[in-house]
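The values are calculated or read from the model by the stated rules, or taken from the named source; none is laboratory data. Keep in mind that this is a model prediction, so the values were computed, not measured. Cβ placement follows ideal geometry from the backbone for every residue including glycine, while neighbour counts extend to all protein chains displayed. Note: accessible area is taken over every heavy atom of the protein model, side chains too, but ligands, DNA and RNA are not part of it. Shrake-Rupley method; radii C 1.70, N 1.55, O 1.52, S 1.80 Å.
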Amino acid sequence: MKKHSGISLRQFYIMTFGLTIGTSILVIPSGLAHTAREDAWIAALCSLLINLAMVVLYLAIARLYPGRNLFEILEAGFGRWIGKIISLLYLFYFLILTGTLLGDLSFFMSSEILPETPVEAIQIVFLSAAVMSASLGIVVLARVGELLFPWVLFLFLILVLTLIPRIEWNYIRPVLEGGLRPVLLAGYHSAMYQELIVLMVFLPLVSKPKSGERALLLGTFAGDMLLSIIVLLSLLILGIEQTENSTFPAFALAKTINIGNILQRIEGIMITIWVLSFFIKISLLYLSILQGVQNVFQLKNPRLLIYPLAVLFMIVAWNTYINTVYVNEIIAKVWGNFSAIYLVFLPLLVYVIALIRRKLAASAAKS
């Protein structure tokens, strides 16, 4: 990935927005409702605040290591060899995440839309688009995001406006009946599914560093607000039981739209929003893995790995997304804390080490 490849403020904002929504728009309402019940919408807002706090941490690290991507920062912070080992751990995390997302996509499409289509065929189609995106590079992906973004907003606006007549406010009462603990716990787990650390790979490519920081914050806020609105509408229209027990509550939400028996069954809108944001997210993960491999192994042409990686993604998807029960069990009990290692613990460690080194250098300079 070339350093002179410039990404504008708007483009980086759109990439952040797409990464934040990703697959979360379909599955987050169920997880939040399971833990926080009627207060799931409050938990979604807590998730927003946690994500913003994590972004502030990432930006603080970026300022200590200006012009360096995530993998370069890890080597600078931990030293060359330890940094490479931790970079490999991040690559493993991105690999598992990409494979799981691919499995999630194929399961949704085969169970809800294309039941007669083999999951392998669905995965190959979407991977083909991701391979093309990885081959063309981050700048082309950023421009594609600019073209898709207005359509995502337009379709989301239609979705919200058509759902408003079906709102039942009693579905979110009583408020905070179970106290703050389940709300905060649900918010914490939800925040671990946006994986905003990926954007640290591309932050140095933004043409104006200060603009990049603002775009990252605004994109995170906008994406999480959209998710919060989807969670709130799921509760207000489906109710707590259906939201909690549905595999894809947002899709079920879109299926309830019926205005005068004329405008109905427009769940294709939700599918379109999800597919577009999924494409951005999996493409960013693909490119970040390529960049990480290049940094760790000092490769001159990581593009040679594009097709082998695609095969590896499919193998991971087949072995991680075994069935819905298994995946839900992993998500509920394992994934939140596993992600926290990469999204919170290691970045905090990098930041603390950088501050200690700076203070030691300042003390040595004075003496």
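If only residues of the range 221-238 that are farther than 15 Å from residue 165 by Cα and touching a Phe, Trp or Tyr at 6+ places or on another chain (Cβ under 7 Å) are counted, the one that is surrounded by the fewest Cβ atoms within 10 Å (Cβ to Cβ) is 222.
In the set (1) buried (at least 20 other Cβ atoms within 10 Å of the Cβ); (2) modelled with pLDDT of 90 or more, the condition left unmet by residue 184 is number (1). Considering only the range 266-287, I want to know if a residue exists there that is part of a loop (DSSP other than H, G, I, E, B) and either at pLDDT below 90 or surrounded by 15 or more Cβ atoms within 10 Å (Cβ to Cβ) (or both). Looking through the range 266-287, at least one residue is part of a loop (DSSP other than H, G, I, E, B) and either at pLDDT below 90 or surrounded by 15 or more Cβ atoms within 10 Å (Cβ to Cβ) (or both).
Yes/no per residue for (1) modelled with pLDDT of 85 or more; (2) touching a Pro at 6+ places or on another chain (Cβ under 9 Å); (3) outside any helix (DSSP H, G or I):
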position: 75; (1), (2), (3): yes, no, no
position: 86; (1), (2), (3): yes, no, no
position: 95; (1), (2), (3): yes, no, no
position: 108; (1), (2), (3): no, no, no
position: 117; (1), (2), (3): no, no, yes
position: 128; (1), (2), (3): yes, no, no
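In the condition set (1) in a helix (DSSP H, G or I); (2) open to solvent by 10 Å² or more (accessible area, probe 1.4 Å); (3) within 14 Å of residue 205 (Cα to Cα), residue 30 is compliant with all but (3). Number of residues in the range 119-163 that are surrounded by fewer than 18 Cβ atoms within 10 Å (Cβ to Cβ), of a type in the set (S, T, N, Q) and touching a Phe, Trp or Tyr at 6+ places or on another chain (Cβ under 9 Å): the value is 0.
Only one of the numbered conditions (1) surrounded by 15 or more Cβ atoms within 10 Å (Cβ to Cβ); (2) more than 18 Å from residue 248 (Cβ to Cβ); (3) charged (D, E, K, R) is not met by residue 303, and that is (1). The selection criterion, being open to solvent by less than 40 Å² (accessible area, probe 1.4 Å) and under 18 Å from residue 343 (Cα atoms), holds for residue 24. Pairing residues of the range 351-362 that are under 16 Å from residue 66 (Cβ atoms) and among the hydroxyl-bearing types (Ser, Thr, Tyr) with residues that are at pLDDT 85 or above and surrounded by 10 or more Cβ atoms within 10 Å (Cβ to Cβ), at Cβ distances under 8 Å and at least 6 apart in sequence or on separate chains, gives 351/57; 351/60; 351/61; 351/64.
In the range 321-332, is there at least one residue being modelled with pLDDT of 75 or more and either open to solvent by 70 Å² or more (accessible area, probe 1.4 Å) or touching a strand residue (DSSP E or B) at 6+ places or on another chain (Cβ under 6 Å) (or both)?
Narrowing the range 321-332 to residues modelled with pLDDT of 75 or more: none.
Scanning the range 321-332, I find no residue that is modelled with pLDDT of 75 or more and either open to solvent by 70 Å² or more (accessible area, probe 1.4 Å) or touching a strand residue (DSSP E or B) at 6+ places or on another chain (Cβ under 6 Å) (or both), so the answer is no.
If you take the residues of the range 33-45 that are out of contact with any Asp or Glu (no Cβ under 9 Å at 6 or more places or on another chain), of a type in the set (A, V, I, L, M) and closer than 16 Å to residue 224 by Cα, which of them is surrounded by the fewest Cβ atoms within 10 Å (Cβ to Cβ)? Within the range 33-45, the match that is surrounded by the fewest Cβ atoms within 10 Å (Cβ to Cβ) is 42. Report yes if residue 106 is out of contact with any Ser or Thr (no Cβ under 7 Å at 6 or more places or on another chain) and among the hydroxyl-bearing types (Ser, Thr, Tyr), otherwise no. Spelling it out, residue 106 is indeed out of contact with any Ser or Thr (no Cβ under 7 Å at 6 or more places or on another chain) and among the hydroxyl-bearing types (Ser, Thr, Tyr). Looking at the range 6-23, is at least one residue closer than 13 Å to residue 189 by Cα and either modelled with pLDDT under 90 or part of a helix (DSSP H, G or I) (or both)? No - not one qualifying residue is present in the range 6-23.
Checked against (1) outside any loop (DSSP other than H, G, I, E, B); (2) open to solvent by 40 Å² or more (accessible area, probe 1.4 Å); (3) among the acidic types (Asp, Glu), residue 104 passes all but condition (2).
For the range 73-83, residues that are surrounded by 18 or more Cβ atoms within 10 Å (Cβ to Cβ) and not small (Gly, Ala, Ser) total 4.
Taking the criterion of being over 14 Å from the mean Cα position of the chain (by Cα) and of a type in the set (Gly, Ala, Ser), would at least one residue in the range 48-58 satisfy it? Looking for residues that are over 14 Å from the mean Cα position of the chain (by Cα) and of a type in the set (Gly, Ala, Ser), one finds at least one in the range 48-58, hence yes.
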